[in-house]
Every structure is written in structure tokens, then in C-alpha cells.
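S.K.: Let me give you the structure first, and then I'll get to my questions.
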Amino acid sequence: MNKASYGIMALAVLAVCCFAFATGFESDATIDHDGDTDVFKISTTETFKINYVLDEADADKTLKFNAKVVNRAGETMANAVSPSTGTLTSGEDYTITVTVPANPAKYTLVVEYLVDSEKKSEDKFAFTAVKPIVLTVNLKADDVTLNLEDFGVYFYIDGEKMEDSYKTITMKSNGTGSVSYDWIADPVGEHRFCVKAVGDSGLITGLDEEHIFYAEDNDYSLVTALAFIVLILLLIYAVRVYRKPVKNFGKPKSRR
């Protein structure tokens, strides 16, 4: 092997070492939600874990964070994060609680990280606040003498089993009952759902029957903006009409 080959190998090893060193101490910020969804019910609370890893040069410095929730216009939602500021330990999870705004719309959780009061990084988590879609099915036992106490059912939406929809039902003495499920989703358009029993529940009218429903857009921010624009235009029109001079045609001439 000639000297040129040794030189190339040495450079390759040096490059790998430098890459490993750089990636091993690179600053890293994360936001993790306790769940696998970014669609939340309005006026509820959600838990997040934030984490930031200091690089080696900043290892002995103070690490703090500021957190807020903003709407699509960039406006900060009041009292939406608790705590909204605090001190972190590098590499350790820190839990914050987000209060989902009451207005259905799209929002973003923004967390900025400061090292000795200097902003070093920023991380974001986009989510949608929605009103739940309430699905209800009325059930009736074909035979009221059947023992139908606390039998379980699941809701299926568009053919998919909703794992959090499990309900237990006790039919009334006349063999009737109902079951409801709050679907937390942001699905615009037509959908189908049904209720299926867990195991054998006898002959019950209402189970496995498909129902169709339509979901509208939960984001009212655009509608609100358009309504505001229309209001401004109406005010401008009203002012122009009010200030428009009235022509004076004079007094009518009297007849002789």
C-alpha cells in the first residue's frame, strides 16, 4: 500500500471521528405528547414532555424554557401552558400541561430554550382543537327476557374499531337502551359508523346497523375572519351613506 492510500485512510478515519464527536454533543430539543394524536377536545388538558440536551460547551450553563400556545395569526393564548417558564436539567424530561382553547381551530405549542438567558433553540407542536362529534345508537332486545346486564360494545367508524369507545350497557326492563361515544377527530365529509357487541349478546336491534353522518370543518377561525371583514364593509357603507350630502331642490313654487 503506497503513501497516498495511507493518507486517504487517515483522512477517512479522522472524518468519522469528527462526525461522531459532533453528533454526540449536538444540542437536541424535543416535545413529546402522551398519546399518538394531535387532535384534542376543546377545553381539556393535555400533558407534554419537553427535553433539551446541552452541547459540551454549554454543559455548565443555566438552561431555561419559555412555552406558549399561539393561534394561526400568531396570537398568544392566555394561561394556556402551565408552567409557562422554568429551569431544565439537560437531557431530563420536564412535564408541562396545555389547556386546549375553547375555540375550535388550529394552534401551535411553541417552546423556546434559553442558555444563560440567550435563546438557543425553539421547538413546536401543532395541534387542532375540536368539538367532539357525539354518536348515539338506540338498542332494543328482541326478547325482553334475555339477561342483558353490562354487556360490552365498541363503536366502529369507517370500518375502524375505536379502541377508546368501549361501553357497558344494561338494558331496561322493557328491553331498550342506548349508547353514545364522543369522537375526537377532525374529519370533514361523509362517514359511517356502527356498534358491535363483544361476544354473544343475543338478538338486539341496533347492533351492526350502519349509520351515515356528515362532519363539518371544526376550524371556525376563517369564518370569524370573513364575518369581521363583512362587518367592516357594512360599517364603511353606512358611514358613506350617512355623510352623503342631500341635494336641496328648494321650495316648490306656489301657484298663482
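The values are calculated or read from the model by the stated rules, or taken from the named source; none is laboratory data. All figures in this text were calculated on a predicted structure; none of them were measured in a lab. When we count neighbours, we look across all protein chains shown, and the Cβ atoms used for this are built from the backbone with ideal geometry, even at glycine.
S.K.: Quick one: which of Lys124, Lys131 is basic (Lys, Arg), surrounded by fewer than 14 Cβ atoms within 10 Å (Cβ to Cβ), at pLDDT 90 or above and under 21 Å from the mean Cα position of the chain (by Cα)?
M.R.: Answer to the check: Lys124.
S.K.: Sticking with this one: Is it true that Lys61 is part of a loop (DSSP other than H, G, I, E, B) and touching an Asp or Glu at 6+ places or on another chain (Cβ under 8 Å)?
M.R.: So Lys61 fits the description; yes.
S.K.: Also: Would you check if there is a residue in segment 73-81 being surrounded by 12 or more Cβ atoms within 10 Å (Cβ to Cβ), modelled with pLDDT of 95 or more, assigned to a loop (DSSP other than H, G, I, E, B) and in the same structural domain as Phe125 (by TED's automatic domain parsing)?
M.R.: Yes.
S.K.: Does Val111 fit the bill of being buried (at least 18 other Cβ atoms within 10 Å of the Cβ) and touching a helix residue (DSSP H, G or I) at 6+ places or on another chain (Cβ under 8 Å)?
M.R.: In short, no.
Yes/no per residue for (1) part of a strand (DSSP E or B); (2) under 20 Å from Lys41 (Cα atoms); (3) modelled with pLDDT of 90 or more; (4) over 30 Å from the mean Cα position of the chain (by Cα):
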position	(1), (2), (3), (4)
Tyr156	yes, yes, yes, no
Ser173	no, no, no, yes
Gly177	yes, no, no, yes
Tyr181	yes, yes, yes, no
Asp186	no, yes, no, no
Arg192	yes, no, yes, no
Val195	yes, no, yes, no
Ser201	no, no, no, yes
